[in-house]
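The values are calculated or read from the model by the stated rules, or taken from the named source; none is laboratory data. Small disclaimer: the values here were computed from a predicted structure and weren't measured. Glycine also receives a Cβ, built like all others from the backbone with ideal geometry; neighbour counts cover every protein chain displayed. Note: accessible area is taken over every heavy atom of the protein model, side chains too, but ligands, DNA and RNA are not part of it. Shrake-Rupley method; radii C 1.70, N 1.55, O 1.52, S 1.80 Å.
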Amino acid sequence: MKRHITATIDGEAREFLCDEDQTLLDALRDVLLKTGTKEGCGTGDCGACSVTVDGRLVCACLVLAAEVEGARVETVEGIAQEGVLHPLQRRFLEQAALQCGVCTPGFLVAAKSLLEKNPDPSEKEVRFWLAGNLCRCTGYDKIIRSVLDAAADLRGESG
Amino acid sequence: MSEEKKFRWVGTRPIRPDGIDKVTGRANYGADFALPDMLWGKVLRSPHAHARIQSIDLERAKALAGVHAVMTAEDLPDLFAEAAKSNGGHDGFNDLAHNVMARGRVLYHGHAIAAVAATSSAIASQALELIDVEYEPLPHVLDIASAIASDATLVHEDRVTQGVEGAGLSNVANRVQLGHGDPAEGFDLADEVIEREFTTRPVHQGYIEPHACLAQTTPDGRVTLWSSSQGHFMVRDYTAKLLDIDLSLVKVIPAEIGGGFGGKTTVYLEPLAVVLSRKSGRSVKMVMSREEVFRASGPTLGTRIKLKLGATSEGVFTAGEATLHYEGGAFGGSSVMAGCMTIFAPYAFPHVRSTGYDVMVNKPKGAAYRAPGAPMAAFALETVIDEMAERLEVDPVDLRLRNAAKEGTLASFGPRYRRVGCVETLEALRDHPHYSAPLGPHQGRGVAVGFWFNAGLQSSAGVNLNPDGTVTVLSGNPDIGGSRASLALMTAEEFGIEYERVEVVIADTQSIGYTDVTGGSRVTFATGMAVIEAAADVRRQLCERAAVVWEVDAERVVWEDGEARLKGESDQAPLTLAELAQNAGRTGGPISGRAALTARGVGMGFGAHICDVEVDPETGRVEVIRYTAVQDAGRAIHPSYVEGQMQGGAVQGIGWALNEEYVFDSDGKLENPGFLDYRIPVASDVPMIDTVIVEVPNPKHPYGVRGVGEVPIVAPIPAVVNAVYAATGVRFRDLPLSPPKVLAGLDGESAA
Amino acid sequence: MARVVLPQALAPRAGGLLEHEVEGRNVRALLAALDARFPGLGAELEGRVAVAIDGEIYNDPLLEAVEPDSEVHFLPRVGGG
Ligand code: FES
Ligand code: FES
């Protein structure tokens with residue numbers, strides 16, 4: 001039995017059909033063809049599928065699509081606004097915070113949600129907030145620096 | 001290009017060409033492709049570590065609504081039968097064929113046995129449950145000691161040891177030995193001799209993107225594959241070979257790849273997807289679950305190394321001898337050869353010998369993992385050197401420097417070294433402030449050296465000039481870590497044009513010449529060489545075109561600073577790349593260059609790492625508190641991505657040292673096939689990773705490039721273990737140094 | 001003549017000696033010369049190994065040029081990750 005869902009996804013009103021037991025991740029990727037959100041594990045252990053639902057950071061692989069009825073879902077695809085990159089995206093690029101890049105969508109979504117709650121996090125706070133996002137390529141160094149620098153950008157403290 | 005050449009682009013840090021797509025979610029990885037008629041394929045896997053397949057009944061699965069195709073090994077050509085006619089049957093492809101789908105027997109828990117394609121992934125999963133398989137469980141063998149015992153259960157009933165005259169049936173697939181001199185003589189000359197034994201467990205490459213592909217076939221036999229791999233030509237060649245199809249009929253379109261580390265230099269799903277697509281007449285997408293990735297892809301397996309080192313009281317190594325046993329999984333083919341070749345490689349030894357055994361066990365078929373075989377070998381040698389330094393009461397870096405390999409040193413693996421940067425790397429480490437920084441209580445510092453050969457192999461490149469003066473570069477290597485950026489930088493350098501005017505495209509198997517995998521740290525070195533050559537081809541044409549415009553001999557034209565200039569006194573205004581490109585139609589037609597080569601002159605790579613740890617005496621938890629990686633890159637084309645390789649390799653090695661291990665139960669079933677229980681380092685586990693790039697240019701590369709991708713994972717294990725010794729006074733010789741093991745060691749219980 | 005160094009495991013097949021002076025302009029010629037001296041050895045080497053000529057390793061070495069004063073080592077083949 002398919003469910004009919006209405007939700008705001010990356011700022012756009014969307015309607016779609018999903019199975020009762022379909023995850024939000026599968027609905028995003030396979031039904032809405034929004035493949036920017038990645039699957040690394042499907043069990044909530046890697047953070048590649050990070051999205052926000054009504055502002056709350058979640059693993060899309062652990063949320064049922066049916067649960068987002070009426071909600072506001074934001075993915076990596078909605079971070080750049082009107083073609084302008086978010087400071088996080090810019091810093092990730094400038095500082096080579098991605099190698100293969102498959103973890104990047106999840107890191108960007110998670111980091112954005114951190115900076116919305118805590119505009120001036122310490123290195124340690126960034127590391128602990130992002131501990132649910134796995135990256136096997138970078139050793140995290142350039143990711144952490146990019147997040148700290150983007151935070152400074154957003155506070156208007158750096159150029 | 002002369003040594004003093006001033007670079008304009010090489011060594012700068014621009015944004016990578018594919019960057020925007022990767023921070024906005026637009027980049028398409030293996031699982032991101034879809035076709036309207038697409039089915040979902042799934043694999044049924046063995047619940048036994050070793051069993052005879054008595055029967056497979058597919059009828060109930062086939063009858064399920066939504067199921068369009070079901071397959072077993074019966075649907076694949078029997079390569080063994082063919083190969084047996086010519087060479088006795090055992091070759092890599094025969095093993096690969098048996099790995100992608102079990103035939104007759106299953107050899108490890110998770111071995112593929114059947115596959116289905118259905119209209120949804122849920123139906124495909126349901127269909128797997130309707131496949132009835134009867135197994136006759138067989139005894140299995142899971143570790144080196146039982147596999148090499150004289151009465152061992154055989155993984156294969158018909159294999160003898162390669163490399164041993166008159167060998168009988170055995171689980172040892174291969175024995176190798178190399179070295180020079182006579183170790184016994186060398187040990188006689190030593191004042192101190194230390195002999196130790198080391199063990200490591202299977203670990204997985206742990207790329208975040210699971211294996212994935214999409215196959216489309218046509219009734220006339222054509223195949224198109226979208227696939228994430230370290231080499232789409234490899235996918236084409238292996239798939240065609242396993243299915244006995246002409247290479248010209250198979251087109252592989254490279255997806256972006258979400259990490260490989262050696263684990264994506266082979267195929268698992270692609271041949272199955274093609275068969276399912278042929279049987280169903282629809283396109284078929286297959287994506288491994290994380291559990292399948294752990295159970296049935298990769299890993300690198302367990303090892304046991306016995307190592308003996310002799311040195312004079314002045315700290316000169318007189319002899320080294322090692323016996324290495326590496327598990328190769330169910331088919332052999334471990335990295336033990338590379339282990340033997342690298343184990344003594346960073347140092348000069350008058351007498352050295354390593355003997356390696358490639359051991360078959362009922363575990364997944366091992367795959368390459370970043371500097372295959374070398375990290376375990378370095379674990380053994382570099383911790384014994386640490387112990388030797390302590391015994392001789394010399395500084396561990398000085399001891400290494402005294403024996404370090406240099407130009408002319410007879411390498412333990414055979415030849416004499418050419419110009420290498422082992423000494424310079426160690427000196428940079430010794431001079432780094434980290435090496436002399438103070439330490440607190442429960443803290444310790446360790447150092448270690450890592451070596452890797454790097455690879456050359458075959459590469460093709462195309463350089464097309466567009467009418468507006470921009471340049472499109474074609475490469476045949478998937479870009480895993482920023483190689484588009486390094487190729488674009490080299491192209492901009494060759495033409496003397498802006499980096500932003502160069503676009504790099506990873507071309508499919510029908511659009512560029514053959515190119516070997518992205519592996520062996522070879523892309524910036526080898527494909528870079530091809531790009532430089534293709535650009536030179538274009539530059540030559542540009543000079544010819546300028547000569548046509550100026551009505552002079554082409555010899556009178558030179559290319560300088562992005563424009564063609566007439567040699568000698570002349571009032572001809574130079575012609576820019578853009579001007580020549582715009583008028584190409586008038587001067588002879590479109591301008592494009594190409595190069596295809598087997599890259600020669602590969603530069604071997606050395607790294608040296610410093611690690612500080614703090615060990616919690618209450619819990620046994622080891623925390624890495626400071627880390628510095630030093631490495632000879634030859635020449636860093638894009639230093640950020642060189643640093644990225646060093647930092648990523650360091651953390652991957654830290655994970656291997658401290659946390660990561662496959663845990664099998666007594667039935668051979670992997671107990672931790674997920675990131676929750678197979679714990680790779682997370683951001684809060686590690687500090688910033690400081691980097692120092694040393695540049696001892698490779699004299700055989702136009703820019704001096706050496707490979708950089710693999711070296712960084714070699715030194716971390718011994719650096720961490722030496723640091724733990726410095727902090728605790730306990731020498732650990734069995735990985736990983738998990739808290740319970742460390743705690744037991746601290747309590748004086750058998751640490752070694 | 002080039003100086004050829006065999007893998008230790010193959011020395012018993014070559015009169016117990018690791019090092020041999022061999023004439024040949026490329027690796028194929030060296031192998032043929034070795035095979036003439038020690039029947040079967042050339043074929044065995046060709047099937048299994050890589051070659052280092054004056055310090056550089058070649059994985060597919062048959063037609064690589066060898067200088068009269070070259071040092072040629074036979075070694076196992078390695079790939080990479
Ligand atoms: S895919 Fe959701 S956490 Fe890994
Ligand atoms: S960049 Fe590859 S996993 Fe993070």
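Which condition number in (1) at pLDDT 95 or above; (2) within 30 Å of residue C:64 (Cβ to Cβ); (3) crowded, with 16+ Cβ neighbours inside 10 Å is the one that residue B:580 fails?
(2)
Which one of these is open to solvent by less than 10 Å² (accessible area, probe 1.4 Å) and of a type in the set (D, E, K, R): B:679, B:706?
B:706
Of all the helices (runs of 4 or more DSSP H) wholly in the range A:102-159, which have at least 2 residues that are within 13 Å of ligand 2 (Cβ to nearest atom) and small (Gly, Ala, Ser)?
A:104-117
Kindly establish whether residue B:388 is in contact (Cβ under 8 Å) with a residue 60 or more places away in the chain and either within 30 Å of residue C:51 (Cβ to Cβ) or open to solvent by 10 Å² or more (accessible area, probe 1.4 Å) (or both).
Here the answer is no, as residue B:388 does not meet what is asked.
Please verify whether the range B:708-727 includes one or more residues that are within 9 Å of another protein chain (Cβ to nearest Cβ), in a loop (DSSP other than H, G, I, E, B) and away from ligand 1 (no atom under 16 Å from the Cβ).
Yes.
Tell me yes or no: at least one residue of the range C:8-20 is out of contact with any strand residue (DSSP E or B) (no Cβ under 7 Å at 6 or more places or on another chain), surrounded by fewer than 21 Cβ atoms within 10 Å (Cβ to Cβ), more than 14 Å from chain B (Cβ to nearest Cβ) and of a type outside the set (Val, Ile, Thr).
Yes, the range C:8-20 contains at least one residue that is out of contact with any strand residue (DSSP E or B) (no Cβ under 7 Å at 6 or more places or on another chain), surrounded by fewer than 21 Cβ atoms within 10 Å (Cβ to Cβ), more than 14 Å from chain B (Cβ to nearest Cβ) and of a type outside the set (Val, Ile, Thr).
Being touching a residue at least 60 places away in the same chain (Cβ under 8 Å), within 14 Å of chain B (Cβ to nearest Cβ) and open to solvent by 20 Å² or more (accessible area, probe 1.4 Å) is the requirement here; does residue C:54 meet it?
no
Do we find a residue being open to solvent by 30 Å² or more (accessible area, probe 1.4 Å), under 27 Å from residue B:604 (Cβ atoms) and modelled with pLDDT of 95 or more anywhere in the range B:528-537?
Yes, because at least one residue in the range B:528-537 is open to solvent by 30 Å² or more (accessible area, probe 1.4 Å), under 27 Å from residue B:604 (Cβ atoms) and modelled with pLDDT of 95 or more.
Can residue B:485 be described as within 17 Å of residue B:256 (Cα to Cα), outside any loop (DSSP other than H, G, I, E, B) and either among the aliphatic types (A, V, I, L, M) or open to solvent by less than 10 Å² (accessible area, probe 1.4 Å) (or both)?
For residue B:485, the condition - within 17 Å of residue B:256 (Cα to Cα), outside any loop (DSSP other than H, G, I, E, B) and either among the aliphatic types (A, V, I, L, M) or open to solvent by less than 10 Å² (accessible area, probe 1.4 Å) (or both) - is met.
Of everything in the range A:13-53, what is acidic (Asp, Glu), closer than 21 Å to residue B:123 by Cβ and crowded, with 17+ Cβ neighbours inside 10 Å? Give them in sequence order.
If the condition is that a residue be acidic (Asp, Glu), closer than 21 Å to residue B:123 by Cβ and crowded, with 17+ Cβ neighbours inside 10 Å, then A:19, A:26, A:30, A:39 are the ones that fit.
Pairs, please: C-beta under 6 Å, at least 6 apart or cross-chain, first residue away from chain C (no Cβ under 14 Å) and in contact (Cβ under 8 Å) with a residue 60 or more places away in the chain and in the range B:580-602, second surrounded by fewer than 18 Cβ atoms within 10 Å (Cβ to Cβ) and not in a helix (DSSP H, G or I)?
The qualifying pairs are B:581/B:467; B:582/B:467; B:584/B:590.
Restricted to the range A:65-74, and to residues that are in contact (Cβ under 8 Å) with a residue 60 or more places away in the chain and surrounded by fewer than 24 Cβ atoms within 10 Å (Cβ to Cβ), which residue is nearest to ligand 1 (Cβ to nearest atom)? Break it down stepwise before answering.
Pass one, the range A:65-74, residues in contact (Cβ under 8 Å) with a residue 60 or more places away in the chain: A:65-66, A:68-74.
Retained after the next criterion (residues that are surrounded by fewer than 24 Cβ atoms within 10 Å (Cβ to Cβ)): A:66, A:69-72, A:74.
Values: A:66: 17, A:69: 21, A:70: 23, A:71: 18, A:72: 20, A:74: 16 Å.
Restricting to residues being in contact (Cβ under 8 Å) with a residue 60 or more places away in the chain and surrounded by fewer than 24 Cβ atoms within 10 Å (Cβ to Cβ), the top hit is A:74.
If residue B:683 meets every condition in (1) within 7 Å of chain A (Cβ to nearest Cβ); (2) within 27 Å of residue B:523 (Cβ to Cβ) apart from one, which number is that one?
Here residue B:683 meets the rest and fails (2).
Return the only residue of B:110, B:166, B:186 being surrounded by fewer than 22 Cβ atoms within 10 Å (Cβ to Cβ) and not assigned by TED's automatic domain parsing to the domain that holds residue B:332.
Of B:110, B:166, B:186, the one residue that is surrounded by fewer than 22 Cβ atoms within 10 Å (Cβ to Cβ) and not assigned by TED's automatic domain parsing to the domain that holds residue B:332 is B:166.
Does residue B:408 meet the test of being farther than 26 Å from residue B:487 by Cβ and not acidic (Asp, Glu)?
Yes.
Suppose we keep only residues that are open to solvent by 30 Å² or more (accessible area, probe 1.4 Å) and part of a helix (DSSP H, G or I) within the range A:83-99. Which one would you say is nearest to ligand 1 (Cβ to nearest atom)?
A:91
Where residues in the range A:120-134 are at the interface with chain B (Cβ under 7 Å from one of its Cβ atoms) and among the hydrophobic types (A, V, I, L, M, F, W, C), which of them is nearest to residue A:108 (Cα to Cα)?
Filtering the range A:120-134 for residues that are at the interface with chain B (Cβ under 7 Å from one of its Cβ atoms) and among the hydrophobic types (A, V, I, L, M, F, W, C), the one nearest to residue A:108 (Cα to Cα) comes out as A:130.
Within the range C:33-46, how many residues turn out to be open to solvent by 60 Å² or more (accessible area, probe 1.4 Å) and under 11 Å from the mean Cα position of the chain (by Cα)?
Within the range C:33-46, residues that are open to solvent by 60 Å² or more (accessible area, probe 1.4 Å) and under 11 Å from the mean Cα position of the chain (by Cα) number 2.
Every residue in the range B:671-692 that is among the aliphatic types (A, V, I, L, M), within 23 Å of the chain's Cα centre (by Cα) and away from ligand 2 (no atom under 16 Å from the Cβ), please.
B:692
Residue A:58 is checked against (1) more than 15 Å from ligand 1 (Cβ to nearest atom); (2) over 26 Å from residue B:36 (Cα atoms) and fails just one. What number does that condition carry?
Of everything listed in (1) more than 15 Å from ligand 1 (Cβ to nearest atom); (2) over 26 Å from residue B:36 (Cα atoms), residue A:58 misses just condition (1).
Taking the range A:130-159 only, how many residues are surrounded by fewer than 24 Cβ atoms within 10 Å (Cβ to Cβ) and closer than 12 Å to residue B:685 by Cα?
Of the residues in that region, 2 qualify.
If I ask for residues that are facing another protein chain (nearest Cβ under 7 Å) and more than 11 Å from ligand 1 (Cβ to nearest atom), which ones from the range A:34-52 would you list?
The answer is A:35, A:36.
Could you please find all residues in the range A:109-128 being within 15 Å of ligand 1 (Cβ to nearest atom) and hydrophobic (A, V, I, L, M, F, W, C)?
A:109, A:110
Quick one: residue B:179 ticks every box in (1) under 30 Å from residue B:414 (Cα atoms); (2) open to solvent by 30 Å² or more (accessible area, probe 1.4 Å) except a single one, so which number is it?
Of everything listed in (1) under 30 Å from residue B:414 (Cα atoms); (2) open to solvent by 30 Å² or more (accessible area, probe 1.4 Å), residue B:179 misses just condition (2).
When the residues of the range A:47-75 are filtered to those that are part of a loop (DSSP other than H, G, I, E, B) and β-branched (Val, Ile, Thr), which remaining residue is nearest to ligand 2 (Cβ to nearest atom)?
By that ranking, first place goes to A:75.
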